[in-house]
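First comes the structure, then the notes that go with it.
The values are calculated or read from the model by the stated rules, or taken from the named source; none is laboratory data. Remember, it's a predicted structure, so these values are computed and weren't measured experimentally. Virtual Cβ from ideal backbone geometry, glycine too; neighbours counted across all protein chains shown. To get the accessible areas, we keep the full protein, side chains included, count just its heavy atoms, and leave off ligands, DNA and RNA. Shrake-Rupley method; radii C 1.70, N 1.55, O 1.52, S 1.80 Å.
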Amino acid sequence: MNSKYLNECFDYHEMSGKVFWKIRPRDHFRTERGFKTFNSQKSGKEVGTMNNCGYLQVGLNKNIILIHRLVFMLKGFELKAKDHVDHINHNREDNRFSNLRVVSQKENNKNLTMRKSNTSGVTGVYYCSKDSLWYPRIQVEYQNLYLGATKDFFEACCRRKSAELKYNFHKNHGE
């Protein structure tokens, strides 16, 4: 589906990041049993249902499109399958164009939210009760880099944050 076709189907409100159905042209619909079907009942309604990963999606012509990817396509960008669209502020429902960016998988990994299983409150810092030490680490290029054990939690956090700066992690990483 190209940008022109999608813009005939959807209306994008850039300030809110919301997408709405338009009344689609007749040539979008195939004849079923001799009758043309139209979507005028959907016109003006907001698009999107939540998928099991927390992203908004819409069905169009038997295809499922993630809304954050749809926004880029509505703006005329051609996305490849390997392209990732990152929500900068980590809010998966915030599809304002200013909150989205196209990145590689590696770059997307540098702006992840804190895992729910995190117990220290700082991404990449964990406590080992056996050793009574804090261990900071960071993953770069799919390799875990250990940043040295310490008894001081603050020191472990500083080492982790320094590594994030060194390896160009996004400022929102771990929030």
Kindly list, by first and then second residue, each pair from a residue in the stretch 116-134 that is at positive phi to a residue that is among the charged types (D, E, K, R) and open to solvent by 70 Å² or more (accessible area, probe 1.4 Å), limited to pairs with Cβ atoms under 8 Å and residues at least 6 apart or on different chains. G124/R137; S132/K151
Filter the stretch 62-75 for residues that are in a strand (DSSP E or B) and modelled with pLDDT of 90 or more; the one that is most open to solvent (accessible area, probe 1.4 Å) is I64
Let me confirm something: among R137, R92, which residue is surrounded by 15 or more Cβ atoms within 10 Å (Cβ to Cβ), among the basic types (K, R), in contact with a strand residue (DSSP E or B) (Cβ under 8 Å, 6 or more places away or on another chain) and under 20 Å from Y55 (Cβ atoms)? R92
So N168 ticks every box in (1) open to solvent by less than 30 Å² (accessible area, probe 1.4 Å); (2) touching a residue at least 24 places away in the same chain (Cβ under 8 Å); (3) not charged (D, E, K, R) but one. Which box is left unticked? (1)
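This table checks each residue for (1) outside any strand (DSSP E or B); (2) at pLDDT below 90.
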residue: S40; (1), (2): yes, yes
residue: S43; (1), (2): yes, yes
residue: G54; (1), (2): yes, no
residue: F77; (1), (2): yes, yes
residue: D86; (1), (2): no, no
residue: E107; (1), (2): yes, yes
residue: R115; (1), (2): yes, yes
residue: N118; (1), (2): yes, yes
residue: Y126; (1), (2): no, no
Here is a check on your reading of the model: is K151 out of contact with any Leu (no Cβ under 9 Å at 6 or more places or on another chain), open to solvent by 60 Å² or more (accessible area, probe 1.4 Å) and either touching a residue at least 12 places away in the same chain (Cβ under 8 Å) or within 16 Å of L112 (Cβ to Cβ) (or both)? no
